[in-house]
Amino acid sequence: MTSRGSLQEMPGLGFKLPTSPLIEEAALFVEKHCDEFVYNHAVRCAYWAVLIAKTISKSGTQSVDIDLIVIICILHDMGLAKSKADALPGLSLDKRFEVDGANIARDFIASHTVDAHGWNAARLDRLWVAIALHTTPSIALHAIPEVALAHQAITADFAGPYWSPECEGGGPVSMEEYRIITNTFPRGDFNREGLKKVMCGLCREKPETTYDNFVGLFGRNFGYDGKGLGREEYAQHWEDNQVAEPLLQSLDALDKLDASC
């Protein structure tokens with residue numbers, strides 16, 4: 001096993017992760033502010049992204065900005081940082097963790113003006129959108145290639161060699177590649193209980209950001225602590241914050257208004 005922050009070539013893998021001073025700084029930034037399992041997850045996603053990009057290249061489909069995707073993958077979970085907001089501006093109590101991560105990543109790039117040569121506004125926008133949408137497959141998979149590929153790479157880390165996207169030949173992650181990468185960047189707490197702890201923590205710490213997305217399902221099923229504490233309370237708050245009935249009531253009010261004219 002290698003030290004955290006190290007992105008050198010792994011013997012037997014057959015490819016190198018693209019590196020640059022900015023990519024190395026991004027890895028160190030995540031290492032500083034995130035738990036080890038979040039850091040390892042982020043780096044593994046970068047490797048899966050390169051594997052998927054190789055598959056895309058062989059199929060002759062659209063080329064992608066692989067350096068951008070590597071940066072996206074490494075920084076995508078900064079919204080789950082263990083650091084407090086005073087040590088990491090960008091963390092909030094009123095925004096989804098994906099939005100926090102996108103904001104932090106964009107600010108990180110902007111703060112490295114020398115290393116970030118070539119990062120124009122359009123490239124920064126692609127970074128922001130990819131991170132903000134990385135948990136929303138119904139949108140991300142239909143967006144620009146970098147957004148879609150980053151989402152696929154992040155998804156691949158939840159299934160490893162069992163991941164099989166809808167493409168000819170199945171998934172790109174072989175058992176051997178999975179073993180090599182996870183031996184160097186082990187999953188650790190990236191498991192059922194670890195995920196429940198993180199997602200339920202969001203339901204506890206900033207619940208208003210969880211009612212309209214998948215995170216809320218963890219609160220409804222596992223409460224605030226992943227073990228059922230506060231489950232009924234959260235479920236009621238979740239129900240009270242659904243939008244269908246308020247939208248219908250608003251339209252009913254407009255019907256009454258129109259009828260009175």
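With the convex hull drawn around the C-alpha atoms of the chain, the volume per residue stands at 169 Å³.
Given the Cα atoms of region 104-204, and with Rh set as the inverse mean 1/r over their pairs in the Kirkwood sense, what is Rg to Rh to two decimals?
1.02
Normalised by the number of residues in the chain, the mean separation of alpha-carbon contacts (under 8 Å, six or more apart) gives a relative contact order of 17 percent.
Tell me, in nm to one decimal, what length is gained between residue 9 and residue 192 on full extension, where the rule is 0.36 nm per residue of separation less the Cα-Cα distance? Residue separation times 0.36 nm, minus the Cα-Cα distance, leaves 62.9 nm. Summing +1 for each Lys or Arg and -1 for each Asp or Glu among the other residues whose beta-carbon sits under 14 angstrom from that of residue 11 gives -1. From its DSSP helices (H runs of at least four residues, each -39,500 (n - 2.57)), the chain gives a residue-normalised ellipticity at 222 nm of -18000 deg cm²/dmol. When each of 78, 10, 199 is scored by the number of other beta-carbon atoms lying within 10 Å, the sequence from fewest to most is 10, 199, 78.
Reducing region 214-231 and region 188-211 to their Cα centroids gives an inter-centroid distance of 8 Å.
Taking the number of Cβ atoms within 10 Å of each Cβ as an exposure proxy, the fewest-first ranking of 76, 151 is 151, 76. As a rough footprinting exposure proxy, the listed residues 209, 55 were ranked by other beta carbons within 10 Å of their own, and the order from fewest upward is 55, 209. Taking a span of 15 Å or more along the helix axis (Cα atoms) and a mean Kyte-Doolittle hydropathy of at least -0.5 as the rule, the DSSP H helices of the chain that qualify are 21-33, 36-59, 97-111, 121-132, 145-156, 192-205, 244-260. To the nearest 0.05, what FRET efficiency results for residue 84 and residue 258 with a Förster distance of 45 Å applied to their C-beta separation? That pair, residue 84 with residue 258, gives E of 0.35.
Extension gain residue 225-residue 158, at 0.36 nm per residue separation less the Cα-Cα distance, in nm? Intermediate results must be reported in sequence, preceding the final value.
Details: separation 67, 0.36 × 67 = 24.12 nm, distance 2.15 nm.
Using 0.36 nm per residue and subtracting the Cα-Cα distance, I get 22.0 nm.
Note on the chain: with a GNM built from Cα contacts shorter than 10 Å, the maximum mean-square fluctuation among 34, 45, 73 falls on 34. Per the Kirkwood treatment, what hydrodynamic radius in Å, one decimal, follows for region 192-260 from the mean inverse distance over all distinct Cα pairs? Here the Kirkwood hydrodynamic radius works out to 13.0 Å.
Bear in mind these aren't lab numbers, they're just calculated from the coordinates by the rules spelled out. Keep in mind the model is a prediction, meaning the values are calculated, not measured. Virtual Cβ from ideal backbone geometry, glycine too; neighbours counted across all protein chains shown.
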